[in-house]
Amino acid sequence: MKRKSKFITFILSFIPGLSHLYLGYFDRGFIYLIIFGMICAGSVGIAALTATGEFLALLLGVPIIWLVALIDAFSVINTMRDYNDHS
């Protein structure tokens, strides 16, 4: 298996889920993309319906999901590297 770049993984992680798709973990990547999209769409939708910006505070969940996805992606890439080094 070709080694995956940590730099590309980091760059793709700015949209949660893309780094997992790059690493070949399509199910995890899809789940992170769905959660990210739901947070963004829900925040903007609720703010538009109520005509206030108060619900844009829900976007605070975006950095949290980004950090969780980033840590998970780097744990996956480290596990892949350890597995490839031992086999």
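The values are calculated or read from the model by the stated rules, or taken from the named source; none is laboratory data. Computed from a predicted model, the values in this text were never measured in an experiment. Here Cβ is always computed from backbone atoms with ideal geometry, including for glycine, and neighbour counts include all displayed protein chains. The protein model used for the area step is the full one, side chains on, heavy atoms only, and it has no ligands, DNA or RNA in it. Shrake-Rupley method; radii C 1.70, N 1.55, O 1.52, S 1.80 Å.
Of note:
- Subtracting the Cα-Cα distance of residue 34 and residue 14 from 0.36 nm times their residue separation leaves 5.8 nm of extension gain.
- Cα long-axis angle, helix 26-50 against the chain (0 to 90 degrees, to the nearest 10): 10
- Exposed loop positions in the chain were taken to be trypsin sites (Lys or Arg not before Pro) whose DSSP state is not H, G, I, E or B and which have at most 10 other beta-carbon atoms within 10 angstrom. Between these positions, the longest stretch is 4-87.
- Helix-derived mean residue ellipticity, 222 nm - over the chain, DSSP H n ≥ 4, -39500 (n - 2.57), to 500: -24500 deg cm²/dmol
- Dipole in debye (nearest 20) - the chain, about Cα centre, beta carbon charges: Lys, Arg +1; Asp, Glu -1: 340
- Against the main long axis of the alpha-carbon atoms of the chain, helix 61-86 sits at an angle near 10°.
- Accessible surface for the chain, divided over its residues, is 66 Å² per residue with a 1.4 Å probe.
- Cα-based Rg of the chain normalised by 2.2 N^0.38 Å, two decimals: 1.32
- Carbon/sulfur fraction of accessible area - the chain, other protein chains in place, 1.4 Å, %: 74
- When the Gaussian network model of the chain links Cα atoms closer than 10 Å, the mean-square fluctuations of 18, 58, 33 top out at 58.
- Here's the picture: charge each Lys and Arg Cβ at +1 and each Asp and Glu Cβ at -1 in the chain, and of 9, 36, 67 the one pushed furthest to the positive end of that dipole is 9.
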